[in-house]
Number of protein chains: 2
Amino acid sequence: MNPFLKEHIQEIANLTDNDFEIIQSFFVKKRFRKRQFLIQEHQSVYEIFLIEKGILKSSFIDHTGKEHILQFATANWWISDFAGFFKQETSSLAVDCIEDAEVHALSFEDLNILCSKVPVMEHFFRVKSNFGYVALQQRILSLMSKSAKERYEDFIKQYPGFIDHIPKQLIASYLGVSRETLSRLYL
Amino acid sequence: MNPFLKEHIQEIANLTDNDFEIIQSFFVKKRFRKRQFLIQEHQSVYEIFLIEKGILKSSFIDHTGKEHILQFATANWWISDFAGFFKQETSSLAVDCIEDAEVHALSFEDLNILCSKVPVMEHFFRVKSNFGYVALQQRILSLMSKSAKERYEDFIKQYPGFIDHIPKQLIASYLGVSRETLSRLYL
């Protein structure tokens with residue numbers, strides 16, 4: 001029995017013990033080291049990952065070689081290249097570890113089988129996806145309309161406690177500002 | 001029987017006639033005029049809207065009074081302030097009509113009842129939400145990493161045929177460029 005997985009799902013969906021027996025049989029626990037990649041660019045995207053421990057990021061390298069960070073994620077967050085995963089296309093993002101991580105992986109095929117076998121999981125993933133959508137909407141509005149200082153303040157609110165665990169260069173890349181601009185905001 | 005609604009849902013979910021009888025009883029058809037608001041800022045968000053006809057936009061006014069356009073939408077797209085709707089908070093966006101529109105409205109309470117009564121609708125909305133998430137992810141990467149010219153080219157791909165129906169000022173606002181910059185790209 002995996003108490004982390006059960007608690008995570010039960011925040012949204014009521015589970016019977018029988019439901020949970022089935023659910024946990026679909027997840028595969030995996031460990032990754034700091035700097036190890038879960039997904040590399042231009043490859044098939046087989047899985048989504050629920051994080052139990054560690055800090056990860058998803059990022060995009062543009063044609064000039066510059067890294068743009070789409071998302072940081074820690075315990076109880078899901079991470080993947082969702083575009084590649086849901087459309088079953090090759091990845092445009094990379095996902096790697098900022099710290100050692102333990103995750104629960106679920107494949108595309110298993111996600112669909114699980115949702116049809118255990119309907120409460122269809123509900124779980126609908127609600128999760130809705131909240132993920134909302135978070136991205138906020139990020140777009142932030143990128144379009146806010147100053148670097150306001151985006152930094154949003155970051156601290158959205159990722160409390162991350163500020164001491166993530167290298168400043170990566171935070172600057174997430175915010176879309178230079179390392180120097182971030183230093184001025186940070187002091 | 002509403003063939004538009006049935007066809008729209010059947011692109012993702014297999015429906016029996018009985019399913020569809022129930023489904024359509026939850027939707028309310030509404031008509032709006034050009035420039036009319038479906039959602040205004042700082043108000044409760046009661047509904048999501050599936051568009052049958054017309055062109056709509058969702059937008060955000062920043063504290064300087066500048067409008068930032070999050071989304072354009074036409075037939076077969078869904079629009080709302082999804083953050084306000086899913087979190088049942090007041091809206092930060094406005095949704096209004098660029099052209100006269102016919103939409104099918106679904107309330108928050110009815111969405112949840114419908115998903116529990118007709119499980120295939122839970123599947124439908126999960127898949128819709130996943131694709132909506134993917135579209136927003138692309139928009140973030142575009143805002144972070146692309147030039148105005150590349151964003152304009154993406155816009156034409158994502159909204160084919162819109163270019164002649166949407167005032168240039170609004171396209172500039174969607175792309176995050178000035179009207180003058182857009183003119184240079186457009187010619």
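The values are calculated or read from the model by the stated rules, or taken from the named source; none is laboratory data. Computed from a prediction, not measured in an experiment: that's the story for all the values here. Cβ atoms come from the backbone with ideal geometry, glycine included; neighbour counts cover every protein chain shown. Please note that ligands, DNA and RNA were not included when accessible areas were found on the heavy atoms of the full protein model with its side chains. Shrake-Rupley method; radii C 1.70, N 1.55, O 1.52, S 1.80 Å.
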Considering (1) open to solvent by 10 Å² or more (accessible area, probe 1.4 Å); (2) under 18 Å from A:GLY176 (Cβ atoms); (3) of a type in the set (A, V, I, L, M, F, W, C); (4) within 11 Å of the chain's Cα centre (by Cα), say which one A:TRP78 fails and leave the rest. (2)
Among the numbered conditions (1) open to solvent by 10 Å² or more (accessible area, probe 1.4 Å); (2) touching a strand residue (DSSP E or B) at 6+ places or on another chain (Cβ under 9 Å); (3) within 9 Å of chain B (Cβ to nearest Cβ), tell me where A:GLU102 comes up short. (3)
Would you mention how many residues in the range A:116-173 are at the interface with chain B (Cβ under 7 Å from one of its Cβ atoms) and of a type in the set (Asp, Glu)? 1
For the range B:39-75, enumerate the residues that are open to solvent by 50 Å² or more (accessible area, probe 1.4 Å), among the polar types (S, T, N, Q) and at pLDDT 95 or above. B:GLN40, B:GLN43, B:SER44
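When you scan the range A:142-160, how many residues do you find that are open to solvent by less than 70 Å² (accessible area, probe 1.4 Å) and either among the basic types (Lys, Arg) or more than 20 Å from A:ILE55 (Cβ to Cβ) (or both)?
Number satisfying all stated conditions: 8.
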How many residues are touching a residue at least 12 places away in the same chain (Cβ under 8 Å), farther than 23 Å from B:GLU7 by Cα and within 11 Å of chain A (Cβ to nearest Cβ) if we restrict to the range B:47-65? 4
